[in-house]
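Only the coordinates and a few stated rules stand behind these numbers; no lab work does. Keep in mind the model is a prediction, meaning the values are calculated, not measured. For neighbour counting, all protein chains shown are included, and Cβ atoms are generated from backbone atoms with ideal geometry for every residue, glycine included.
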Amino acid sequence: MRYEWHKRGLLISAPTPQPWAHSHAALPTADVIEDGQIDLYFSPRDEDGRAHIGLARIQAGAAEGALSLVAHERDPILSPGPLGAFDDSGVTMSCLVHTENGAFLYYTGWSLGVTVPFYFYVGLAVRRPGAMRFERASLAPILERSPVDPYLTASPWVLREHDTWRMWYVSSTGWAQVEGAPQHRYHLRYAESDDGVAWRRDGRVSVDFADDSEFAISRPCVVRDDDCYRMWFAARGDSYRLGYAESQDGLTWTRNDDLAGMDPSPRGWDAEMVAYPAILDCDGRRYLLYNGNGYGLTGIGYAVANSAG
């Protein structure tokens, strides 16, 4: 099925008004509360370039298919970890899962490198029932480097289906010297868990590179509809574009980026790239939240779907 996304423009401009937010509003993730009220998690950067996770409150239904910004939470939801930790150089939002034990916030922790610019690891923070704040489940990542994923892990998207937790995540296949500088290369893989904390992975690839010019496939967003699983993601050669794949079981995926339904605009804030998609289903409509130019430097935009079989 092809989705035709009708762009509605910027929802959140960057930098956001929090005193600690110096630039960017990247990697949006929406959580519908009630009556069209939405918590929108995203990642601004501070004056040192370190990403934190912030929260904005959004309202749906003010006009036909419209989303509107209500307010920004003043303080970060999650900030970089202590010196030497896997996330001491930044935390970027990935996804949120509600459970009987509270809300599980999955994120990417950043560490700076010497021979390569950065390392990524998957982290978890938990907000217990009745609590106001998220606390790290551990000072260590929940998806560390391993023989299966020897370079990095990042950007998990998690669905809980009965007693099985399912994760689609970024894994690097290595680094290469390109024009005298190290260039990452990563695609999407799959893992499973019984509790959302300890994960089993065997290197199963969900979405691979389309060709040799593509070197980064990032930020998967997976939804399970009645007829199949759908995944939107960002794929990068010269710059990020929207990618798309479908699956009957969440394991074997057929990639067809022509069905993604949206390209960069002719001009403006998303003319150079479309990146970091996240699906929002609210009030009978399907929305796409995404970043444009500069990996979130220009803010967060949204589009409303008209599907065409």
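Miscellaneous remarks
- Restriction of the GluC sites (Glu not before Pro) in the range 108-198 to DSSP coil positions whose beta-carbon has at most 15 other beta-carbons within 10 angstrom yields E144, E179.
- Per residue, the convex hull spanned by the Cα atoms of the range 47-104 measures out at 142 cubic angstrom.
- Counting every other Cβ atom within 10 Å of each residue's Cβ, M262, M132 order from fewest to most as M132, M262.
- Computed P(r) (all Cα pairs; the chain; 20 Å bins; percent): 35, 62, 4
- Springs between Cα atoms under 10 Å define the GNM used for the chain, and in it the highest mean-square fluctuation of C221, C282, C95 occurs at C282.
- The chain: most fluctuating residue of V32, V91, V274 per GNM, C-alpha cutoff 10 Å: V32
- 16 Å cut-off, amide nitrogen to a point 7 angstrom out along L159 Cα→Cβ, residues in the range 185-203: 189-193
- Among L27, L112, L67, L10, the ranking by other beta carbons within 10 Å of each residue's beta carbon, starting with the fewest, stands as L112, L10, L67, L27.
- Three-way shape call for the range 82-141 based on the alpha-carbon gyration tensor, with the a/c threshold at 1.5: prolate
- Quarter of Cα convex hull surface for the range 21-170, i.e. mean projection, nm²: 10.6 nm²
- Label-point gap, in nm, between L139 and D35 - each point 7 angstrom along Cα→Cβ: 4.4 nm
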